[in-house]
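> Take this structure, written in structure tokens, and hold onto it; I'll ask about it next.
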Amino acid sequence: MDRANLAAELRRVVGARAVVDDAAALMTYEADGCVMDLHAPNLVVLPATTEQVADVVRLALRAGVPIVPRGAGTGLAGGATPMQGGVVISTTRMDKVLEVDTRNRRARVQPGVINWELSQFLAPQGYQFVPDPSSQKACTVGGNIANNSGGPHCLKYGTTTDHVLALRVVLPDGSVIWTGDGRADRIGYDLQGVLTGSEGMCGVITEAWVRLTRLPEAQRVVLALFPDIPSASQTVSTVVARGFLPAALEMMDQLAIKAVNGMYRLGLPESAGAALLIELDGVADGLDDLLAEVTSTCRDFGAIEVRPAKTAEEQAQVWAARKNAFGAMGRLSPSYYLVDTVVPRTRLPATLARVGEVSQEFRLPIANVFHAGDGNLHPLILFDRRDKSQLERALLAATQVLHESINQGGVISGEHGIGVEKRDYMTMLFSTDDLAAMAGLKQCFDPAELFNPGKVFPAGRGCGELAALRRGALGPADVSGVRDQRDAPSAAWL
């Protein structure tokens, strides 16, 4: 089936206004928030129902073209980039809250529901959807699930996978399944656990039962300023070690403070080496005593100033500064490369010291804005993408940061996913056997390898080849291209 015939068949299924084939319009779908690698799709389809998604998948399968699920396109790892063209299935028009069951603390939603709007919808009933990525005012629940996206409140409440009860999914053969009935207790395989974080490689999510969490009775937000990162990091470790569990522990370094100061006029002393945002929530009774304990710990480790947010408006302003810190970097540099990585909480000072050395080695400023409570780092490498030398140095600097994270006992992604951005870094962390096991699972869902190809698995190591290795279908002479390279620097995508 050629492109014109496929487009005509797709229009018959979803309607003429739900198929995009104009070359200029297709440029919108060349990438998500990671614009390092651009590839235009052949067609984009915007279905409105599960049945339409299933029909689209069956048509694409019959035509033998790749299928790339896409949410709002706010991802930062290239997970929605159509590396081999094909059909992009955008779920943004599937944006309805279908059912709210507060008695069982759950809601059934379509994948195109915007994260922020879901919590606003639930708030009058006293509930929220806890996962809150920094892009929550634009990102969709389906995208959050596909990437297991996190956010500042992961420390206390867990990541997205902890808030998914069941998924309705169109599988790569066009069949439709529910992974469960939406109850907290379930039997059988944890299929939604497999699909959450699978980055659109195993199916298209068309509905989800998500867990609802009661809004806290009270909240306290405080901003503590420190002379340097080590003293702020020691405060974080001590707060947790003493048995306190803040809703969030977020940190910005001196360069990040400079950026948000300029945009939000917070009046923070730019001489401060680190700013630690602490949120406590729960029952009002005793919360101020807990706040006093935590702020006392801040002063024990050298905080130069502690600023409680006294009103809801002040709390919102502080959180806006934190959640929009990435955008504020435009005041400092025309481009930045955002690295997402994780280290043990106690290894934050050593890791950030190495990040500082990397900044000097590659002659590029690096700002740090991160989830200190769970060790999820976000170094922002500032550069000018119009300068080829700076671009190359930025990519090499990112590789060094990832190496250091692994050296410190960490991993290469905390919440953004692997996608295209980190697929060639997978060998730094995983053995060939590890990758082959992952590929075998992927092939159970997608034997034709048409769903979101070119993602997660290193370039030159096709999913089918790795899966065959796992099955023993390849002999020793066949696996020279898939040997274990965990000790070898990997930046093949440069």
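> Please give the number of the condition residue 36 fails out of (1) open to solvent by less than 10 Å² (accessible area, probe 1.4 Å); (2) within 23 Å of the chain's Cα centre (by Cα).
With respect to (1) open to solvent by less than 10 Å² (accessible area, probe 1.4 Å); (2) within 23 Å of the chain's Cα centre (by Cα), residue 36 is out only on (1).
> Within region 384-397, can one find any residue that is part of a helix (DSSP H, G or I) and touching a helix residue (DSSP H, G or I) at 6+ places or on another chain (Cβ under 7 Å)?
Within region 384-397, one or more residues are part of a helix (DSSP H, G or I) and touching a helix residue (DSSP H, G or I) at 6+ places or on another chain (Cβ under 7 Å).
> Can you give me the ranges of the helices (runs of 4 or more DSSP H) entirely in region 92-174 with at least 1 residues that are open to solvent by 50 Å² or more (accessible area, probe 1.4 Å) and out of contact with any Lys or Arg (no Cβ under 7 Å at 6 or more places or on another chain)?
By residue number, 115-122, 154-157.
> Consider region 316-351. How many of its residues are more than 14 Å from residue 381 (Cβ to Cβ), part of a helix (DSSP H, G or I) and not small (Gly, Ala, Ser)?
Keep residues of region 316-351 that are more than 14 Å from residue 381 (Cβ to Cβ), which gives 316-325, 327-328, 330-331, 342-351.
In the following step, the residues that additionally are part of a helix (DSSP H, G or I) were identified as 316-323, 325, 327-328, 330-331, 345-351.
This time we only want the ones that are not small (Gly, Ala, Ser), so: 317-319, 322-323, 331, 345-349, 351.
Within region 316-351, residues that are more than 14 Å from residue 381 (Cβ to Cβ), part of a helix (DSSP H, G or I) and not small (Gly, Ala, Ser) number 12.
> When region 241-285 is examined, which residues are found to be part of a loop (DSSP other than H, G, I, E, B), open to solvent by 10 Å² or more (accessible area, probe 1.4 Å) and either closer than 24 Å to residue 218 by Cβ or modelled with pLDDT of 95 or more (or both)?
242, 243, 244, 245, 266, 273, 283, 284, 285 - these are the residues of region 241-285 that are part of a loop (DSSP other than H, G, I, E, B), open to solvent by 10 Å² or more (accessible area, probe 1.4 Å) and either closer than 24 Å to residue 218 by Cβ or modelled with pLDDT of 95 or more (or both).
> Answer with yes or no whether residue 288 is in contact (Cβ under 8 Å) with a residue 60 or more places away in the chain, loosely packed, with under 14 Cβ neighbours inside 10 Å and within 23 Å of residue 156 (Cα to Cα). Walk me through it before giving the result.
Values: in contact (Cβ under 8 Å) with a residue 60 or more places away in the chain: yes; loosely packed, with under 14 Cβ neighbours inside 10 Å: yes; within 23 Å of residue 156 (Cα to Cα): yes.
Yes.
> Another question, then. Looking at 4, 60, which is the one that is assigned to a helix (DSSP H, G or I), more than 23 Å from the chain's Cα centre (by Cα), farther than 30 Å from residue 341 by Cβ and modelled with pLDDT under 95? Walk me through how you get there before you give the answer.
Working: 60 fails: modelled with pLDDT under 95.
The match here is 4.
> Do we have residue 435 as open to solvent by 30 Å² or more (accessible area, probe 1.4 Å) and touching a helix residue (DSSP H, G or I) at 6+ places or on another chain (Cβ under 8 Å) here?
no
> Oh, and also: Within region 399-426, which residues are assigned to a helix (DSSP H, G or I) and more than 23 Å from residue 39 (Cβ to Cβ)? Walk me through it before giving the result.
In the first step, residues of region 399-426 are kept if they are assigned to a helix (DSSP H, G or I); the result is 399-407, 423-426.
Once the filter is applied, which keeps residues that are assigned to a helix (DSSP H, G or I) and more than 23 Å from residue 39 (Cβ to Cβ), region 399-426 yields 400, 401, 402, 403, 404, 405, 406, 407.
> For the subset of region 444-494 comprising residues that are of a type in the set (Phe, Trp, Tyr) and assigned to a loop (DSSP other than H, G, I, E, B), which member is modelled with the highest pLDDT?
Taking the candidates together, the pick is 457.
> Continuing with the same structure: Under 8 Å by Cβ, and 6 or more places apart or on different chains, what pairs join a residue from region 261-277 that is farther than 23 Å from residue 294 by Cα with one that is in a loop (DSSP other than H, G, I, E, B) and open to solvent by less than 20 Å² (accessible area, probe 1.4 Å)?
Close Cβ pairs (under 8 Å, with a partner that is in a loop (DSSP other than H, G, I, E, B) and open to solvent by less than 20 Å² (accessible area, probe 1.4 Å)) amount to 261/268.
The values are calculated or read from the model by the stated rules, or taken from the named source; none is laboratory data. In this text, all values refer to a predicted model and were calculated from it rather than measured experimentally. Note: ideal-geometry Cβ built from the backbone for every residue, glycine included; neighbour counts use all protein chains shown. Protein only, heavy atoms only, side chains kept; ligands, DNA and RNA dropped before computing areas. Shrake-Rupley method; radii C 1.70, N 1.55, O 1.52, S 1.80 Å.
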